[in-house]
Amino acid sequence: MSIVSALGFGGRKIRYAIVGLGDISQEALMPGVRHTGNSEITALVSSDREKLGALGERYGVQHRHSYEEFPQLLASGEIDAVYLGTPNWRHAEFAIPALEAGIHVLSEKPLEVSADKCRAMIAAAERGNALLMTAYRLHFEPANLDAVRRIRAGELGELVAFTSCFGQMVDPANHRSRSGIEAGPLFDMAPYPINAIRFLFGAEPLEVVSAIAVRHEEAGLGELDDTIAVTLRMPGNRLAQFTVSYFTDQIDNLTIAGTKGSIHMDSAFGYGQGLEQFRKSSGNREHEVYKATDQFGGELKYFSDCILKGRSVEPDGEEGLADLLVIEAIAAALKLGGAVKIEPQERHRRIDPDEQEQRLKLVDIPEPVKAAKPAFS
């Protein structure tokens, strides 16, 4: 076998349509598709003809479609799978017909903006015998998976508490500041600490103990709650707390503590740089910086490999639904001003660090076409 074949190049590649050509598609996912070895872009979908033209030329993609032409694309035979980089509330709109047509779907997080829409997507995948994966890139990232391994090996003892702060200074001109709660920090940023809580504890939250949201007039975000703090009750009298904000300097960290030790990660949720762990166990202190990887290319490589080999995926639609159940309970607690039980969700699968870890190298990021990052640079 040649080196090229061993690396996955030269064999069959999964053909993707990139639906939604905003910053996450352009600056995170699309640049790394080529070096996965098992994936290629064969179609682009956007309402912006300038983006379709410029990005079609950049990546050599001939099939360029408007959103209205999506049904024709599904029937064209041009694609095997779809990557959804649309706004949160437009995931089901494209995922359901694709899945029913037997087209596999990799959807950005959150999976949708309601548990009911998540369930509809999961049902569509079952009807179409297609794979639905929630794009939780940290399920493939070495530093996060190492934390999972250490916790499962008992290095921290019995887990007791989790805390996290995740914030950025969002530009008031960005669409996230003008599209209501579904584009605010609860739906846009909270999935990261919520998902980390669930995969580090290996358990589902039982209750939103408290949730508080505030607005800072000087943030310029109008009627949007820019900062939200939450406390969750976990099984076994354990607690998990996090704060997400559109009005802080860039920050993304977490700490999980047990009876024998703790792990602090800073950065914990970022991409484009190596993530860090500060560990304390049995009186010993360690600090480790994990080599930066192409997290988006890694999750795409994994998804394509599952399609090619006929395997189920993790994180699947059920994983995305589990986080939406927590988000909906937080939204209810914000309205009620009190504790809210979280709808129980049986889990059938969790992270397998050895099977899922990906270590693709970083790739160069080209100049975006009419796409801006949410935060001030």
In the range 172-199, which residues are on the phi < 0 side of the Ramachandran plot and not in a helix (DSSP H, G or I)?
Pro172, Ala173, Asn174, Arg178, Ser179, Gly184, Met189, Ala190
Tally time: how many residues in the range 180-229 are closer than 22 Å to Tyr136 by Cβ and either out of contact with any strand residue (DSSP E or B) (no Cβ under 7 Å at 6 or more places or on another chain) or charged (D, E, K, R) (or both)?
13
Filter the range 139-185 for residues that are more than 20 Å from the chain's Cα centre (by Cα), within 30 Å of Gly258 (Cα to Cα) and in contact (Cβ under 8 Å) with a residue 60 or more places away in the chain and give the result.
Arg149, Arg150, Ile151, Gly154, Glu155, Leu156, Gly157, Glu158, Leu159, Val160, Ala161
Candidates Asp252, Asp266, filtered to the one that is under 26 Å from Leu84 (Cα atoms), modelled with pLDDT of 95 or more and surrounded by fewer than 22 Cβ atoms within 10 Å (Cβ to Cβ)
Asp252
Does Ala333 fit the bill of being more than 16 Å from Arg137 (Cβ to Cβ), in contact with a Ser or Thr (Cβ under 8 Å, 6 or more places away or on another chain) and assigned to a helix (DSSP H, G or I)?
yes
State yes or no: is Gly261 more than 23 Å from Gln356 (Cβ to Cβ), out of contact with any helix residue (DSSP H, G or I) (no Cβ under 7 Å at 6 or more places or on another chain) and buried (at least 18 other Cβ atoms within 10 Å of the Cβ)?
yes
I'd like the residue in the range 272-297 that is in contact with a helix residue (DSSP H, G or I) (Cβ under 7 Å, 6 or more places away or on another chain) and of a type in the set (Ser, Thr, Tyr) and, out of all such residues, is surrounded by the fewest Cβ atoms within 10 Å (Cβ to Cβ).
Tyr290
When you scan the range 342-351, do you find a residue that is of a type in the set (D, E, K, R), within 30 Å of Glu57 (Cα to Cα) and surrounded by 13 or more Cβ atoms within 10 Å (Cβ to Cβ), even just one?
no
For Glu314, which of the numbered conditions (1) in contact with a Lys or Arg (Cβ under 6 Å, 6 or more places away or on another chain); (2) of a type outside the set (A, V, I, L, M); (3) at pLDDT below 95 fails to hold?
(3)
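The values are calculated or read from the model by the stated rules, or taken from the named source; none is laboratory data. Because the structure is a prediction, the values reported are computed rather than measured. Cβ coordinates were reconstructed from backbone atoms using ideal geometry, including for glycine residues, and neighbour counts include every protein chain displayed.
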